[in-house]
Amino acid sequence: MPIHSKGRLGYRMLASGLLVASLGPIPGRSQAHAVLFDGARLIIGDARPPIERGAFVVQHGHITAIGPQGSVKAPPGAIHVDLTGKTVMPTLNNVHVHVGYEGYVSWGVENHTPENVQDHLEREAFYGVGTAMTMGDQPIDFAIRFQRAQRAAAFPPAARFFFAAGMAPPGGGPDALLIQGTTPLHAVSEVSTPEEAVAAVRNFAARRVGEVKFWVDNRDNTRGGRKKMPPEVYTALIAEAHRHGMIVHAHATNLQDQKGVVKAGVDVLVHTVVNEPIDDEMMALLREKKPYWAPVMGLADRSELCDDANPFIEQVLPDRVIADIRAGKTWLPSSPCSAPPNAQAVQREANLQYNFPKYIAAGARIVLGTDAGVSAKYSYGFAEHHEIGMYVRLGMTPAEAIIVSTSRPTEVLRIQDTGTLAKGKRADFLVLSANPLENIRNTREIDSVYLGGARLDREALQAKFKRAVVDRDVTHARRKRDYVPHPASPTK
Ligand SMILES: [Zn+2]
């Protein structure tokens, strides 16, 4: 495959080029000597109350001591950073994104390079996201290589990359846009029978992939009447994945499919039923199984860019992209800001207001996810802050919304080194100029972001993000010419 070899080449170039850069005294390297961060309100990230005036020591990228101001002793020679009046919270962790294909002025498989994945992870980090898990949309070899290289510090600081392998019925799976990226890269394993699902899981397990996502998919009618993944297939898939200690995420958007996958024991339920109220049977299933739940709701919302100036989002997008979003010229079709609110949107909001608290009350363990990567209007980093705002709007307290966006996703990611401000954890944290416990919108008041104890150079990143590099209309015309929608899936 020419695309694969191009990807490998790009990857080598990136790895070697950056290795040289990282030898210099660039900002963002964690320091060997200790730093005392003093005087801030510390939001721990779990059920514990905040420390109103706290202090913590960071050394070798980790928190080595934390407590009320005055109780924490810094080692001799430690640098002091006065954070009086600030609030510190752990970085966010996102269990549901789609990296690699977004180009802002273009979208597609030709954008899928290590450089672009790195760019997306840098955008996440810019907004205070420490880890991001991409969902069933990467070629496995690419994902394994990228993750290995990132762990070897081959790339500049960014959100840590995690991935789930993808599985779907033939021709099904990703939406009409995402599938244009995943199909040419063979990123999704297509399975029709329980035996094929089991074989695919064993293949993932042999490569030490720890997470799998499958799409039940209710979009098959637009794809030549192909079938959804039937319960006997996903039941076998989940059982086999659990035999190998894997975590399974299920994309299911309607009530019947959600009941099916929860009944079958899925670990992470993805999406929220928005077209009807959930019923007692669904509530009983959630109560019994207590799945993690990534509601990923905000993608369908009107863009925040429709409401006056929004520097929080505008700061990372080229002006042309902002104009495109407002005009509804996004790759995944969306309404322009000028469109009046429709009856469907009103009904959706009413169902969200009804359903969201019911999922939570029944015991669904909500975790942060955004679905960023299919539309510039709801993209890496700022989508998290919108999604967290929705949790609070739909009934959670800010403290709860922070827990489900910081520590709890680490249970799904199966990492223990981040997610709370605690001794022994990586120093992954956000310094905020205002208190999000008072108003959740204050998670946006980002003063600085630290990953592994190193301050992120947000100014340099922002300057890079603001640059537009491709002519959107030229790209669009080329893609229209070259692309055949929904090509037939290769049979194995
Ligand atoms: Zn998704």
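The values are calculated or read from the model by the stated rules, or taken from the named source; none is laboratory data. Values in this document were obtained by computation on a predicted structure and should not be read as measured data. Cβ: placed from backbone, ideal geometry, glycine included. Neighbour counts: every protein chain shown.
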* Checking Ile179 against (1) within 15 Å of the ligand (Cβ to nearest atom); (2) touching a Ser or Thr at 6+ places or on another chain (Cβ under 6 Å), which test does it fail? -> (2)
* To do: Among the residues of region 373-385, write down those that are closer than 14 Å to Asn94 by Cβ, away from the ligand (no atom under 15 Å from the Cβ) and touching a Ser or Thr at 6+ places or on another chain (Cβ under 8 Å).
  => His385
* Does region 118-157 hold any residues that are within 16 Å of the ligand (Cβ to nearest atom), crowded, with 24+ Cβ neighbours inside 10 Å and assigned to a helix (DSSP H, G or I), and which are they? -> His120, Glu124
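Quick one: in region 184-215, of everything that is polar (S, T, N, Q) and either surrounded by fewer than 21 Cβ atoms within 10 Å (Cβ to Cβ) or within 16 Å of the ligand (Cβ to nearest atom) (or both), which residue is farthest from His98 (Cα to Cα)? Write out each step before concluding.
At the first step, the residues of region 184-215 found to be polar (S, T, N, Q) are 189, 192-193, 203.
Pick out the ones that are also either surrounded by fewer than 21 Cβ atoms within 10 Å (Cβ to Cβ) or within 16 Å of the ligand (Cβ to nearest atom) (or both) and you get 192-193, 203.
Numbers: Ser192: 24, Thr193: 26, Asn203: 22 Å.
Selected residue: Thr193.
Are any of the residues in region 90-99 modelled with pLDDT of 95 or more, in a loop (DSSP other than H, G, I, E, B) and not β-branched (Val, Ile, Thr)? It would help to see each step written out before you state the result.
Start the filter on region 90-99 by keeping residues that are modelled with pLDDT of 95 or more, which leaves 90-99.
Then keep just the ones that are in a loop (DSSP other than H, G, I, E, B); that gives 91, 98-99.
If we keep only those that are not β-branched (Val, Ile, Thr) as well, we get 98.
Yes, region 90-99 has at least one match.
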* Asked: Can you name the residue in region 95-110 that is away from the ligand (no atom under 16 Å from the Cβ) and touching a residue at least 24 places away in the same chain (Cβ under 8 Å) and, of all such residues, is surrounded by the fewest Cβ atoms within 10 Å (Cβ to Cβ)?
  -> Val109
